[in-house]
């Protein structure tokens with residue numbers, strides 16, 4: 001990573017994937033608010049957020065493990081990393097709820113696990129082909145294959161998040177179904193802000209003969 005760039009928190013990639021405006025409000029404007037979903041997430045992470053390790057049937061399990069990738073400029077913590085018999089890391093991200101997630105949320109969760117895998121690969125010099133999401137409500141895992149497409153998606157997301165943070169840019173709101181579940185709904189004001197943006201565009205073309 002170039003010294004001219006500050007590291008990006010791993011959580012920013014998941015925020016950006018879900019909604020670029022949400023990411024900017026948190027990581028550019030330093031705004032945050034809680035709702036029932038964030039509180040449930042905190043409850044799920046209460047156990048794995050305590051650093052420590054244990055050994056289960058030959059597998060070393062590390063909790064709240066600090067991880068980083070200097071090439072990409074990423075830093076953060078992995079909920080759980082299982083080190084297999086050959087010391088290959090296996091990242092496991094904990095989420096509240098069940099495996100019945102929307103395609104958008106599932107894709108963002110996959111991106112987060114893949115980013116953790118890229119960090120662990122650089123740290124351990126071992127290839128990682130798989131990770132998992134553990135859903136607390138259903139107590140089941142969903143395997144995430146760390147393929148070339150997902151790796152490329154992580155690198156693209158890093159570039160876009162870094163550009164947004166360094167430019168201090170806050171994108172316009174999505175103003176769609178994502179907003180109903182977002183803890184930043186009141187801070188974001190997606191409806192009024194979207195209305196103002198569309199009005200501004202309309203006014204800017206009002207006297208444009210080519211419009």
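All of the numbers you see were taken from the coordinates with simple rules; none came from a lab. As the structure is a computational prediction, the values presented were derived from the model and not from experiment. Quick reminder, even Gly has a Cβ in these numbers, built from the backbone with ideal geometry, and neighbours come from all protein chains shown.
Can you tell me the order of 51-57, 149-155 when each peptide is scored by its average per-residue count of other Cβ atoms within 10 angstrom, highest first?
Ranking the peptides 51-57, 149-155 by packing returns 149-155, 51-57.
Counting pairs of alpha carbon atoms under 8 Å apart in space and at least six apart in sequence, what relative contact order in percent does the stretch 45-188 give?
Worked out over the stretch 45-188, it gives 17 percent.
Run the numbers for residue 11 and residue 180: contour at 0.36 nm per residue of separation, minus the present Cα-Cα distance, in nm.
Extending this stretch completely gives an extra 58.8 nm.
Over the stretch 110-168, what is the relative contact order in whole percent, taking alpha-carbon pairs under 8 Å and six or more residues apart?
33 percent.
If R₀ is 35 angstrom, what is the calculated FRET efficiency for the pair residue 30 and residue 122, using the beta carbon separation as r and rounding to 0.05?
The formula returns an efficiency of 0.80 here.
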